[in-house]
1. Just for region 30-61: of the residues that are part of a strand (DSSP E or B) and among the small types (Gly, Ala, Ser), which one is nearest to Lys9 (Cα to Cα)?
2. Can you name every residue in region 35-49 that is under 16 Å from Arg6 (Cβ atoms) and either among the aromatic types (Phe, Trp, Tyr) or buried (at least 16 other Cβ atoms within 10 Å of the Cβ) (or both)?
3. Please indicate, with yes or no, whether at least one residue in region 19-27 is on the phi > 0 side of the Ramachandran plot, over 18 Å from the mean Cα position of the chain (by Cα) and part of a loop (DSSP other than H, G, I, E, B).
4. When you check Leu32 against the structure, is it farther than 22 Å from Lys2 by Cα and either surrounded by 11 or more Cβ atoms within 10 Å (Cβ to Cβ) or modelled with pLDDT of 90 or more (or both), yes or no?
5. Which one of these is assigned by TED's automatic domain parsing to the domain that holds Ala8 and basic (Lys, Arg): Lys90, Lys81, Lys98, Lys27?
6. Specify the residue that is modelled with the highest pLDDT; the eligible residues are those in region 3-29 that are closer than 22 Å to Lys69 by Cα and in contact with a Lys or Arg (Cβ under 8 Å, 6 or more places away or on another chain).
7. Quick one: Leu86 ticks every box in (1) farther than 13 Å from Ile14 by Cα; (2) modelled with pLDDT of 90 or more; (3) touching a Leu at 6+ places or on another chain (Cβ under 8 Å) bar one, so which box is it?
Amino acid sequence: MKTEKRKAKVGERIVITDDFLSSGEYKMGDILTVEKSVPEVVGVLGHIIAQGMDNIILDNEYEVIVDEKETKADNVEIIEKLQAELEALKEYEATLEKKFNDLVSSLGKTDVVRI
């Protein structure tokens with residue numbers, strides 16, 4: 001899926017990239033269709049209203065979908081990002097485990113029960 005960061009027009013489909021004002025009505029990754037587009041003017045932030053939604057969606061909370069076809073390259077990129085996040089989490093877990101073991105050692109306790 002290809003997206004562009006620009007003002008959406010009525011009828012275009014958007015993907016939520018930030019759910020700042022959602023109040024739980026929409027979340028990151030949701031794909032919605034624009035029902036009304038309101039330009040930014042002095043004192044009013046640009047926003048849209050999506051079909052079936054009560055809340056406004058600020059222009060900085062979405063990207064416009066320009067091509068909904070998922071390509072193999074898109075999926076590879078997603079997998080690579082997830083693998084990098086997983087590795088970072090594993091490293092963080094190892095760091096926490098080392099700190100835990102160091103703390104236990106410094107207390108002189110050998111019979112610590114792990115949950």
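The values are calculated or read from the model by the stated rules, or taken from the named source; none is laboratory data. Owing to the predicted nature of the structure, the values given are computational and were not obtained by experimental measurement. When we count neighbours, we look across all protein chains shown, and the Cβ atoms used for this are built from the backbone with ideal geometry, even at glycine.
1. Filtering region 30-61 for residues that are part of a strand (DSSP E or B) and among the small types (Gly, Ala, Ser), the one nearest to Lys9 (Cα to Cα) comes out as Ser37.
2. Initial filter on region 35-49 (under 16 Å from Arg6 (Cβ atoms)): 37-40, 45-48.
Matches in region 35-49: Ser37, His47, Ile48.
3. Looking through region 19-27, none of the residues is on the phi > 0 side of the Ramachandran plot, over 18 Å from the mean Cα position of the chain (by Cα) and part of a loop (DSSP other than H, G, I, E, B).
4. When the stated conditions are applied, Leu32 does not pass them.
5. Lys27
6. Among those residues, the one meeting the criterion is Val10.
7. (3)
To keep it simple, each residue is scored yes or no on (1) in a helix (DSSP H, G or I); (2) at pLDDT 85 or above; (3) not polar (S, T, N, Q).
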residue	(1), (2), (3)
Glu63	no, yes, yes
Ala73	yes, no, yes
Glu93	yes, yes, yes
Glu97	yes, yes, yes
Val113	no, no, yes
